[in-house]
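Q: Take a look at this one; I'll ask things after.
The values are calculated or read from the model by the stated rules, or taken from the named source; none is laboratory data. In this text, all values refer to a predicted model and were calculated from it rather than measured experimentally. Please note: Cβ atoms are built from the backbone with ideal geometry, for glycine as well, and neighbour counts cover all protein chains shown. Remember, those area values only see protein heavy atoms, side chains included, never the ligands or the DNA or RNA. Shrake-Rupley method; radii C 1.70, N 1.55, O 1.52, S 1.80 Å.
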Amino acid sequence: AVWDNKTNLYNYRYFLARLSNEIARAKRYGRKLSLVAIDLDNFKKINDELGHLTADRILKDIGRLIRNSIRVVDIPSRFGGDEFFILLPETDLKGAKVVATRIKNLIEEQLFPLDSQKNRVRINLTYGLAEYIDGMTARDFMEAADKSLLKQKKTKKEEHE
């Protein structure tokens, strides 16, 4: 199985296999490769207050929005919980920012349905970016995107204090 059943994006195991392949391709041919890490802000609150079925429905909608916002050669995956990675072959950091911003705007503009009474909720997200640098391991590459994500979360938090 290569699909995450809640989002219809690739699962973590498949993502790791593709990540290794794309790193090898970037290294061998000198190609650009970028990674977007996405975290849904305060999504645990939705799980806790509205239930797992509602959260799962929202995750499925988010998966569809992500898939529809990228190229067929891109590799979107659910990393776990409310975290996603999108691997962008042939894409530099500037291009990755365009993709991530497009996804962020699209998701944050949506009103996700909560129940049959037409109650809706907005979802905010934070993203981090990394561009592959020759010599990076898959772990280094993922950590670079994750550190960028954590830096953005910290900046957001400081702005709201």
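Q: What are the residues whose amide H is under 5 Å from the amide H of residue 125, where those residues sit 5 or more places off or on another chain and H is modelled from the backbone?
A: It is 41, by chain and number.
Q: In vacuum, with every alpha carbon of the chain counted as one equal point scatterer, what does the Debye formula give for log10 I(q)/I(0) at q = 0.18 Å⁻¹? Two decimals, please.
A: -1.10
Q: With θ set to phi - 60° and the Karplus curve 6.51 cos²θ - 1.76 cosθ + 1.60, what are the ³J(HN,Hα) couplings of segment 49-60 in order, to the nearest whole Hz, using x for Gly and Pro?
A: Rounded to whole hertz, the list is 8, 10, x, 5, 5, 5, 4, 5, 4, 5, 4, 4.
Q: Let me ask another. What distance in nm separates the two pseudo spin-label positions at residue 49 and residue 147, each 7 Å out from Cα along the beta-carbon direction?
A: It works out to 3.5 nm between the two label points.
Q: Run the accessible area of the chain with a 1.4 Å probe and give the carbon-and-sulfur part as a rounded percent.
A: 50
Q: With a 1.4 Å probe and every protein chain left in place, work out the accessible area per residue of segment 15-147 in Å², rounded to a whole number.
A: Dividing the accessible area of segment 15-147 by its residue count gives 53 Å².
Q: Quick query: amide H of residue 91 versus all other amide H atoms, modeled in the peptide plane; which residues come in under 5 Å with a sequence gap of 5 or more or a different chain?
A: Placed amide hydrogens put 32, 33, 34 under 5 Å from residue 91.
Q: What is the list of residues in segment 74-109 whose amide nitrogen lies under 20 Å from a point 7 angstrom out from the Cα of residue 124, following Cα to Cβ?
A: 82-84, 100-109
Q: Grab the Cα-Cα distance for residue 29 and residue 41, subtract it from 0.36 nm times how many residues apart they are, and report the gain in nm with one decimal.
A: In short, 0.6 nm is gained.
Q: In sequence order, what are the phi-derived ³J(HN,Hα) couplings for segment 35-47 according to the Karplus relation 6.51 cos²θ - 1.76 cosθ + 1.60 with θ = phi - 60°, rounded to whole Hz, with x for glycine and proline?
A: With the stated coefficients, segment 35-47 comes to 9, 10, 10, 10, 10, 7, 5, 6, 5, 4, 4, 5, 4 Hz.
Q: Moving on to the next point. Using 0.36 nm times the number of residues separating residue 160 and residue 13, minus their current alpha carbon distance, what extension gain do you get?
A: 49.3 nm
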